[in-house]
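Peer 1: Take this structure, written in structure tokens, and hold onto it; I'll ask about it next.
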Protein chains: 2
Amino acid sequence: MRPIQQIDEACCPPLLSAPLADRDAAGLAGALRVVAEPARLRLLSMIASRPGAEACVCELTEPLGLAQPTVSHHLRVLHEAGVLDRDKRGRWVFYRLNPEPLRLLRAALEPAGAAVPS
Amino acid sequence: MRPIQQIDEACCPPLLSAPLADRDAAGLAGALRVVAEPARLRLLSMIASRPGAEACVCELTEPLGLAQPTVSHHLRVLHEAGVLDRDKRGRWVFYRLNPEPLRLLRAALEPAGAAVPS
């Protein structure tokens, strides 16, 4: 499996303002691939739609209709990329949306000279 | 090869405002995969940085350092997705950035309730 891409300032140079270096293009492509996956997009949308933008794994598996190890894998990818924060409460792990990585991806896709507010 | 995803209104429902349906998630993932590729990101950045945000294939192959058929393949994917418009002038094909599909991708990654200006 390819290493999981952390979505931070380093990953996501603005795409449209100057020719991307090879390495920057690889970083941005890796960051985009983190979210370019249907189950991960559904998980993000399910978590973002819940009160407080957080959810327990126990609340995500059944509506997603995938096996629990598959769901856990996708949650781990999103967590390692920084898109989801997590904390353990009792026997359950809760995931919460961290909006910053998605803001960085949006900023990378902005037209030249535009700024995306935090 | 998977079919090429057209990046239009249908592909890109807002990710964070309500749980995505299976089919919507597949459409958005496909649209993101169009740009989640290093050579395609480099092509977009090279074209966007040129005067008039357009370039001839003849100007792209050498700086990209890839074989011409590979470059043509990536340009075709971007064109079929709607990210690049193209027209033929004499013996050369020119590609021009169409900003709308990237705007739709940014809008899909917006927080709930936010709007991305055109």
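Peer 1: Just give me the residues in region B:16-36 being of a type in the set (A, V, I, L, M, F, W, C), assigned to a helix (DSSP H, G or I) and either more than 13 Å from the chain's Cα centre (by Cα) or within 17 Å of A:M46 (Cα to Cα) (or both), in sequence order.
Peer 2: Going through region B:16-36, the residues of a type in the set (A, V, I, L, M, F, W, C) turn out to be B:16, B:18, B:20-21, B:25-26, B:28-29, B:31-32, B:34-36.
Among the residues that remain, those that are also assigned to a helix (DSSP H, G or I) are: B:25-26, B:28-29, B:31-32, B:34-35.
Within region B:16-36, B:A25, B:A26, B:L28, B:A29 meet the criteria.
Peer 1: In region B:80-101, which residues are touching a helix residue (DSSP H, G or I) at 6+ places or on another chain (Cβ under 7 Å) and more than 12 Å from chain A (Cβ to nearest Cβ)?
Peer 2: Applying the first criterion (touching a helix residue (DSSP H, G or I) at 6+ places or on another chain (Cβ under 7 Å)) to region B:80-101 yields B:81-84, B:86, B:92-93, B:95-97, B:101.
Within region B:80-101, B:A81, B:G82, B:L84, B:R86, B:W92, B:V93, B:Y95, B:R96 meet the criteria.
Peer 1: Right, something else. Which one of these is without any contact (Cβ under 8 Å) to a residue 24 or more places away in the chain, in a helix (DSSP H, G or I) and closer than 24 Å to B:E110 by Cβ: A:P63, A:P69? Before the answer, list the steps.
Peer 2: On the way: A:P69 fails: closer than 24 Å to B:E110 by Cβ.
One residue alone meets the criteria, A:P63.
Peer 1: When the residues of region A:26-60 are narrowed to those that are at the interface with chain B (Cβ under 8 Å from one of its Cβ atoms), touching an Asp or Glu at 6+ places or on another chain (Cβ under 9 Å) and free of Cβ contacts under 8 Å to residues at least 12 places away in the same chain, which ends up most open to solvent (accessible area, probe 1.4 Å)?
Peer 2: Per the stated criteria, the residue is A:P38.
Peer 1: Looking at B:V35, B:V93, B:V83, can you tell me which residue is among the β-branched types (V, I, T) and more than 16 Å from A:L16 (Cβ to Cβ)?
Peer 2: Details: B:V35 fails: more than 16 Å from A:L16 (Cβ to Cβ); B:V83 fails: more than 16 Å from A:L16 (Cβ to Cβ).
None of the others qualify; the one that does is B:V93.
Residues checked against (1) within 20 Å of A:Q6 (Cα to Cα); (2) open to solvent by less than 40 Å² (accessible area, probe 1.4 Å); (3) at pLDDT 90 or above:
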| residue | (1), (2), (3) |
| --- | --- |
| A:P63 | no, no, yes |
| A:H79 | yes, no, yes |
| A:G82 | yes, yes, yes |
| A:R86 | yes, no, yes |
| A:A108 | yes, yes, yes |
| A:P117 | no, no, no |
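The values are calculated or read from the model by the stated rules, or taken from the named source; none is laboratory data. Just so we're clear, the structure is a prediction, and the values are computed from it rather than from any experiment. Every residue, glycine as well, gets a Cβ built from its backbone with ideal geometry; the counts of neighbours run over all protein chains shown. Protein only, heavy atoms only, side chains kept; ligands, DNA and RNA dropped before computing areas. Shrake-Rupley method; radii C 1.70, N 1.55, O 1.52, S 1.80 Å.
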